[in-house]
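Please read the structure below before turning to the comments.
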Amino acid sequence: MHPDNRSRTYFVVVSRRGDGANPFGWEIQRRKEAMGVKLSGDGYRSHRAAQEAGSSVLDKFLNELSKEAELDADR
């Protein structure tokens, strides 16, 4: 888990979005209030593959968010 997400404010939701060969997708959500943008991906063969992909994107998103917070603090 990313150190900036200890309270699990952001999380990955995996769902089955179809019946084809790659029916799984993921979406990053924030607790208590909508994010304002949608971060998602689809076309994964398994629930696990979608979860891993979503978790990877969530880590990158949180890294960028913490960099932005650091820049704002320096201003």
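The mean of 1/r over all distinct Cα pairs in the range 3-74, once inverted, gives the Kirkwood hydrodynamic radius of 13.1 Å. Angle, helix 47-74 long axis vs. longest principal axis of the chain, Cα atoms, 0 to 90°, nearest 10? That works out to roughly 10 degrees. Using only side-chain charges placed at the Cβ, +1 for Lys and Arg and -1 for Asp and Glu, the dipole size of the range 3-74 relative to its Cα centre rounds to 460 debye.
Here the range 34-49 and the range 50-65 have alpha carbon centers that stand 10 Å from each other.
Values in this text are rule-based calculations from the coordinates and carry no lab data. On a predicted model such as this, the values are computed, not experimentally measured, just so you know. Cβ: placed from backbone, ideal geometry, glycine included. Neighbour counts: every protein chain shown.
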